[in-house]
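Following: one structure in structure tokens, then a few remarks.
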Amino acid sequence: MKKIVILISGRGSNMQAILEARLPVTIAAVISNEPRAAGLAIARRHGVATHVVEHRAHADRATFEAALAQTVDTFTPDLIVLAGFMRILSAAFVQRYAGRIINIHPSLLPAFPGLHTHRAALAAGLKIHGCTVHFVTPQVDFGPVIIQAAVPVLADDTEDTLAARVLAQEHRVYPQAVRWFCEGRLQLTADGTVVIQRARATDGNLLSPALDPLGS
Ligand code: GRF
């Protein structure tokens, strides 16, 4: 079974969705850079080991990332899942885990990288908004897209109502992306896009479309 480590900084609702999705993976640890992250208690309630690598305890990004990598590597994870991890990671850190570090972002990338995505979507008068799971590359909120989900923007939406609608979709697509990765079904092509392989039964045959969520 593949092993994952989840990195958080706060509430941890995406982490919780992954923990509760009963995926065929071992969740080796949840690591937070923020000791007060609410998600730490949620992880412990689920019986998952937690660790804090506090960025404030380190003089600079390089020493923080060295400590973070050391803790991550203790668990020899196949996949690192950023779930509301609010520190920008250097190119060196990202490259160390190239192809096995993923993130969720609350917009339909490449629209609205960075913070306050729901405010930006409302200000732009968009009718559709959403979320994106992507492989992490040195450019922040960029990188090959694995899965996206779209939601309507309603006339009376506020930042909060729109955020809640998007978050419900985040909780659906992030466990799905982790499952695909751990089933070995994500393939990064030479042109930097992600292809999702159809599911196969134990005999190696493709599952019928009715049994395969990707079936057509
Ligand atoms: C989510 O909206 C996620 O897309 C963004 O940060 C937020 C984290 O929320 N990267 P939570 O900690 O998972 O509840």
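The values are calculated or read from the model by the stated rules, or taken from the named source; none is laboratory data. What you are looking at is a predicted structure, and each value in this text was computed from that prediction instead of being measured. Ideal geometry is used to build each Cβ from the backbone, glycine not excepted, and the neighbour counts take in all protein chains shown. Heads up: the accessible areas ignore ligands, DNA and RNA and are worked out on the full protein's heavy atoms, side chains in. Shrake-Rupley method; radii C 1.70, N 1.55, O 1.52, S 1.80 Å.
List of remarks:
- Residue that is least open to solvent (accessible area, probe 1.4 Å), among those in the stretch 188-197 that are among the hydrophobic types (A, V, I, L, M, F, W, C) and free of Cβ contacts under 8 Å to residues at least 24 places away in the same chain: Val195
- Here Val145 fits the description: of a type in the set (A, V, I, L, M), more than 11 Å from the ligand (Cβ to nearest atom), within 22 Å of Leu188 (Cβ to Cβ) and modelled with pLDDT of 95 or more.
- Strands (runs of 3 or more DSSP E) contained entirely in the stretch 72-141, each with at least 3 residues that are over 18 Å from Ile18 (Cβ atoms) and modelled with pLDDT of 95 or more: 128-135
- Looking across the stretch 59-71, just one residue is assigned to a helix (DSSP H, G or I), open to solvent by 70 Å² or more (accessible area, probe 1.4 Å) and free of Cβ contacts under 8 Å to residues at least 24 places away in the same chain, and that is Gln70.
- Scope the stretch 155-187; condition outside any helix (DSSP H, G or I) and surrounded by fewer than 19 Cβ atoms within 10 Å (Cβ to Cβ); matching residues: Ala155, Asp156, Asp157, Thr158, Glu183, Gly184, Arg185, Gln187
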